[in-house]
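What follows is a short report on a single structure.
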Amino acid sequence: KVDKLKYFSLPYEEFNTMISNRFFDLLNDKFDLWIDDYEEEIIPNEYLVPIKELIKSLKNNYPSFSNALNYAINCNTELCLEF
């Protein structure tokens with residue numbers, strides 16, 4: 001929602017960890033998304049809580065991504081990724 005637009009930066013190290021752990025590939029496969037390092041992708045609201053639960057189940061630590069995810073969940077909106 002435009003009125004609650006907020007930007008988050010994903011640190012280089014966190015992004016590289018997510019890539020090397022194939023986390024984005026997992027999201028792409030599980031939620032029919034197309035996240036890669038040269039794309040823009042919108043994660044719809046209905047996928048946000050399942051993604052949060054997936055992160056917990058994998059016991060991964062993606063603090064910046066998780067902060068953005070939690071903000072989108074709390075605002076009942078979507079998460080737009082731009083790499």
| note | When every protein chain stays in place and a 1.4 Å probe is rolled, Tyr7, Tyr71 sorted by accessible area with the largest first are Tyr7, Tyr71
| Selection from Asn28, Ala72, Leu10, by position along the positive dipole direction of the chain (Cβ) | Ala72
| task | Can you send over the carbon and sulfur percentage of the accessible area for the chain, probe radius 1.4 Å, protein chains only? | result | 49 percent
| Length gained when the stretch Cys80-Ile19 is fully extended (0.36 nm per residue, less Cα-Cα span) | 20.2 nm
| Mean shadow area of the chain over all directions, Cα convex hull, nm² | 4.9 nm²
| request: Given the options Leu33, Leu58, Leu48, state which has the largest fluctuation in a GNM of the chain using a 10 Å cut-off (strictly under) for Cα springs. | output: Leu58
| query | Rounded to the nearest whole Å², what accessible area per residue is found for the chain with the 1.4 Å probe? | reply | 68 Å²
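The values are calculated or read from the model by the stated rules, or taken from the named source; none is laboratory data. Bear in mind that the values here come from a model prediction, so they are computed numbers and not experimental data. Using ideal geometry, Cβ is built from the backbone for each residue, glycine included, and neighbour counts are taken over all protein chains shown. Protein only, heavy atoms only, side chains kept; ligands, DNA and RNA dropped before computing areas. Shrake-Rupley method; radii C 1.70, N 1.55, O 1.52, S 1.80 Å.
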